[in-house]
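Peer 1: Supplied in structure tokens, the structure appears directly below.
The values are calculated or read from the model by the stated rules, or taken from the named source; none is laboratory data. What you see is a predicted model, and the numbers here were worked out from it, not measured in a lab. Glycine gets a Cβ as well: all are built from the backbone with ideal geometry, and neighbour counts include every protein chain shown.
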Amino acid sequence: MSIEDEITKAIGAHGVWKMRLRAAIDTGKTDADIADVAKDNLCAFGKWLYGPTIPAAVSAGADYATARKLHADFHKCAATILECAVTGNKAKADALFAGDYVKASSSLTAAMMKWKADSH
């Protein structure tokens with residue numbers, strides 16, 4: 001699969017997290033393992049990012065480095081929101097969702113779109 005295809009899939013998959021986090025905040029429950037959510041190498045995009053199929057020239061590039069850092073930030077933020085949600089700290093979860101998560105998600109998406117455009 002091409003870089004463009006992997007990035008397109010990742011943008012969609014990470015977009016689903018917005019709904020999952022909102023549901024966790026609203027219900028105080030999640031079916032996700034919070035420790036696993038915090039790890040940026042377990043989702044399909046993370047497995048690809050850290051996997052052997054990315055050429056060395058690509059993984060040495062600035063777009064890759066930026067996406068990898070922002071992807072890690074995204075996962076840490078999502079895990080923190082889930083932790084707050086399931087421990088009854090709905091107000092903090094809501095604040096993180098409206099602030100840090102929106103920033104992390106939009107920054108990651110913008111970086112992935114740039115990487116996708118640059119890979120042509």
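Peer 1: Considering each residue of the range 44-69, count those that are closer than 30 Å to residue 29 by Cβ, touching a residue at least 24 places away in the same chain (Cβ under 8 Å) and either surrounded by fewer than 17 Cβ atoms within 10 Å (Cβ to Cβ) or touching a Leu at 6+ places or on another chain (Cβ under 9 Å) (or both), and give that number.
Peer 2: 1
Peer 1: Kindly list the number of the only condition in (1) assigned to a helix (DSSP H, G or I); (2) within 17 Å of the chain's Cα centre (by Cα); (3) modelled with pLDDT of 95 or more; (4) surrounded by 19 or more Cβ atoms within 10 Å (Cβ to Cβ) that fails for residue 40.
Peer 2: Of everything listed in (1) assigned to a helix (DSSP H, G or I); (2) within 17 Å of the chain's Cα centre (by Cα); (3) modelled with pLDDT of 95 or more; (4) surrounded by 19 or more Cβ atoms within 10 Å (Cβ to Cβ), residue 40 misses just condition (1).
Peer 1: Still on this structure, please answer the following. Quick check on my filter: what residues within the range 1-19 are surrounded by fewer than 16 Cβ atoms within 10 Å (Cβ to Cβ) and either over 15 Å from residue 115 (Cβ atoms) or among the hydroxyl-bearing types (Ser, Thr, Tyr) (or both)?
Peer 2: 2, 8, 12, 13, 15, 16, 18, 19
Peer 1: Which condition number in (1) out of contact with any helix residue (DSSP H, G or I) (no Cβ under 8 Å at 6 or more places or on another chain); (2) free of Cβ contacts under 8 Å to residues at least 12 places away in the same chain is the one that residue 72 fails?
Peer 2: (2) is the only condition that residue 72 fails.
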